[in-house]
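Rule-based calculations on the coordinates, nothing more; no lab input. All of these numbers come straight from a predicted model, not from anything done at the bench.
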Amino acid sequence: MASAQTTVSGNISGTWSPSGNPYVVVDNATVPADQTLTIQPGVTVWIAENISITANGLIQAVGTPTQRITFQAPIASQYWSNIVLNYSA
């Protein structure tokens with residue numbers, strides 16, 4: 001069982017740490033241009049059905065062999081839409 005739950009939608013940026021697990025994306029979310037979303041090792045991101053994450057800014061997500069970053073649906077029979085990366089630098 002997770003120790004916390006963080007609900008996110010709309011404009012997202014900053015740092016997601018494992019202490020906020022799981023991060024639940026309940027509506028389409030966007031990393032705005034010129035902003036960064038850093039996802040730390042060990043973070044779990046649940047993306048609701050038919051929801052997208054769009055990065056017009058930067059997403060930095062680097063896990064480790066023992067602390068993976070996981071993107072999944074909260075319910076196995078549901079499917080999230082996509083993660084779109086529009087960032088160019």
Per-residue HN-Hα couplings for the range 21-33 [Karplus 6.51, -1.76, 1.60; θ = phi - 60°; Hz; x = Gly/Pro] = 4, x, 8, 9, 8, 9, 8, 3, 10, 9, 8, x, 4
May I ask you to evaluate 6.51 cos²θ - 1.76 cosθ + 1.60, the Karplus curve with θ = phi - 60°, for each residue of the range 48-56 and list the ³J(HN,Hα) values in order in whole Hz, giving x for glycine and proline?
-> 5, 4, 6, 9, 10, 10, 10, 10, 8
Shape category assigned to the chain from the gyration tensor of Cα positions, a/c cut at 1.5 = oblate
5 angstrom amide H check on Ile47, placed H, neighbours 5+ away = Val25, Gln72, Ala73
